[in-house]
1. HN-Hα J couplings of the range A:368-373 from phi, Karplus 6.51/-1.76/1.60, θ = phi - 60°, integer Hz, Gly and Pro as x?
2. Among A:56, A:488, B:250, whose Cα lies farthest out toward the positive end of the dipole of the protein assembly as shown, if unit charges sit on the beta carbon of Lys, Arg (+1) and Asp, Glu (-1)?
3. Of the accessible area of the range A:149-295, with the probe set at 1.4 angstrom, what percent is carbon plus sulfur?
4. Can you compute the FRET efficiency between residue A:463 and residue A:216 using 1/(1 + (r/R0)^6), with r the Cβ-Cβ distance and R0 = 56 Å? Round to the nearest 0.05.
5. Would you kindly state the longest site-free stretch of chain A, with sites defined as GluC sites (Glu not before Pro) in a DSSP loop (not H, G, I, E, B) surrounded by at most 11 other Cβ atoms within 10 Å?
6. Semi-axes of the equivalent ellipsoid for the range B:243-305, please: Cα gyration tensor eigenvalues, times 5, square-rooted, ordered largest first, whole Å.
7. Just from its helices, what would the mean residue ellipticity at 222 nm be for the protein assembly as shown, if runs of 4 or more DSSP H residues each count -39500 (n - 2.57) and the sum is divided by every residue, rounded to the nearest 500 deg cm²/dmol?
8. In whole percent, and with a 1.4 Å probe on the protein chains, what portion of the accessible area of chain B is carbon and sulfur?
Amino acid sequence: MARTSLGRWIPETFDGRLCRPYQDPFSLQPMGQRATRALRRVNPGHNKVMANLTEAILAAGLKDGMTISTHHHLRNGDALLNMVVRAIHALGIQDITIASSSVHPVHAELLPYIHSGTIRAFECGVNGLIGEMASKGEIRCPITVRTHGGRARALMSGEVRVDVAFIAAPCCDPFGNMNGIAGPSACGSLGYATLDADYAETVIAVTDYLQPYPVAPISIAQTQVDYVVAVESLGDPQKIVSTTTRTTTDPIGLMIAGYAAEVIEASGLLKDGFSFQTGSGGTSLAVADRLRDKMLAAGIKGSFGSGGITGYFVDMLEQGLFRTLFDVQCFDLQAVRSIGSNPGHVEIGADMYANPFNGGAIVNQLDVVILGATEVDVDFNVNVNTESNGYLLHNTGGHSDTAAGAKLSIITVPSIRGRLPIIRDAVTTITTPGETIDVIVTERGIAVNDRHSDLKEELLRRHLPVKDIRELQQEIVALTGQPKPLEFEDDVIAVIEYRDGSIIDCVRRVKA
Amino acid sequence: MANDEFSLRRSLLYVPGNMPSMLQNVPLFHCDAVFIDLEDAVPLNEKDAARILVSRFIATYTQRNKEVFVRINALDTPWGHEDLCRVLPARPDGIRLPKADTPEIVERLDTLLTEMEEELNVAIGTFKIIPSIESALGVINAIKIARCSSRVIALAFGAEDYTASMEIERTKGGEELFHARARVLWAAKAAGIQAIDTIFADVGDMASFRTEVALVKNLGFTGKSLVNPRQIDVVHEVFAPQKDEIDYAIQVIEAIVRARKMGTGVIALNGKMVDAPVVKRAARVIRTAVSQGMLDYQLDDEVIYGTH
């Protein structure tokens, strides 16, 4: 066992790889060169189009023990990963590692293939039933949870080597040029797939909208793609992007959003050139909504919005409140339409978005990020991976990346969920270290990290309900009582990798 | 509340008495008062459970930052009396009495409250009454109801039941309510108590809600019953004093402070006399502005009333 600087015990090795204990957010220096792959030659007359997935898998030379990947832009509407694993299973190939950018509840369909040995491990975080089954010990399948920036780093450094990338290509030509803006499975940005296109040994584009050469604009180019396969459908468009994303109408959510917007205003960052990121949840959008009003009222012109992009941000771009949107993933139809038509709406890859080991990621330019949590603790550590039952249910996404990068990282979270207090003595799982979290906003008060005494004073001056985090915790626990502690077995089912590749925590099997 | 004259009752939010998830948030909302409802919001088979929940909640809500009224079931129902017996020991600020059609009904509640106060050993008059004027009969009797007990601190108009009793539809424009509202207002103002307007049920239609709040403020209502916390801010915005009102109020207070130093209670400001009623009005404006975070100002009773 090894101990992180935050006091968590982690295994010495996990899934055959040495675990380096987390030390701090910024000092780990990378060594060595970028990963590379074999040169290839394609002569005139070469045909990339394969008759079906099976033929493409055979052509790619996929063998037992290899690693495959997909991207998660089709979210819970994705049919490709399940389709690929079925085809691999039918070929009798075993011990495959999945290194997708994320796995969603729809991929619970993979469970039988974990039991059968087709799938050996996940080199990525998982959302939903797979993590739950692993937490219960019902499947044996090591899971390495990574941030979006951390995945980019792991592919770039060669820590994760993808043998065959299957890239869902909503609009694709026979030579492999693709984008996400047209076709029945249009998902907008293909930002998470660009890493796979760059580093996977073999790249297979899979499309349900094969168009004559050339497709433009080009998000991923023909030079990266080895094979092209047309399938009937990549997924369920209803579940790929929302028709709209809306702000919350929940009074508690609105109260939290109102406080968060006040904190941002008090921070002094809300001025010309302001840059901002928030998620697609109702409370996050309500913060964006309040900020929009404040920016309009004060005539503030921001610089950029980033991350997963919603119609809300598109409206702000069109109203001139941001000059640019850096879009790694589109959340709704309005964002998809915009990325295909507005030159200020820029598609970016996960590397540029959040990788700590390159010439500088966009997250480092962020003024403010609004983030969620399943739990926080009195040291400001944040858990987004496990739930109150101890099950691994959520992937990290860009949480730790943006928290580390932004000048002001704000957690918005209700103080009580399902009768449980959300501020704990110690979170079940540390996803994002408290060193990178500045403010926690709940409906019962605002806790400011001690590093920001100026901000704390300014909030008090503005009569906002600033409370010491322990005081806030006690107030909440006075209502809820202290929940019974979770009990875990010793065996580690997943490690939580920090963005720099060190291990910040691990997830253990829950005692039955 | 020490000085009832200055009790702001702009926003009075209904909270269902059978929902713990909503009750736990009562301390958080920025409304001036809540009406915890044991009447229409609570189904018959939950009346008992709601009483227990509400009384426990009020008893634990010791850091009061708003007034707490309980809307009991009408006294001629099988639940009204028991509601009182269960919730009063928890010390709410008062009772919102539904279907207060006659002064006799309110007097009956007054008697019951006195009995409970004796039993609980608290000062007579502790528990206030806000009668709901919500029928044609109630509107006709409003003038007597407003004066029938010193516990009555406000009349609350209830348009949903009123329109039902009139066999008419309620409209968003509210023309059909005009006469009833005016009579409730006269009754309240003549008795020197507050007047609280009816709920606006369509939470999604904030524009019409804002129009209605502006209308009732101009008519003279001092507050409004609300069905959703999202409506609170709108009421406070509409009821907020204007900047020139606040500036003038501060000048008045500063003038009276100078006057008291000179040993008098009257002084001229910009050629107009400043005396007790002007100071009280100014204090009301300042307290309203402070309570809405529009102003940072320490105002002592001594300034308003002078040293005793």
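The values are calculated or read from the model by the stated rules, or taken from the named source; none is laboratory data. Note that the structure is predicted; figures quoted are calculated from it, not measured. Glycine gets a Cβ as well: all are built from the backbone with ideal geometry, and neighbour counts include every protein chain shown. The protein model used for the area step is the full one, side chains on, heavy atoms only, and it has no ligands, DNA or RNA in it. Shrake-Rupley method; radii C 1.70, N 1.55, O 1.52, S 1.80 Å.
1. 9, 10, 9, 10, x, 6
2. B:250
3. Working: 2260 of 4660 Å².
Carbon and sulfur together cover 48 percent of it.
4. Working: r = 55 Å, r/R0 = 0.98.
Efficiency at R0 = 56 Å is approximately 0.55.
5. A:233-486
6. Each semi-axis is √(5λ); the values are 20, 12, 9 Å.
7. -10000 deg cm²/dmol
8. The nonpolar share, carbon plus sulfur, comes to 53 percent.
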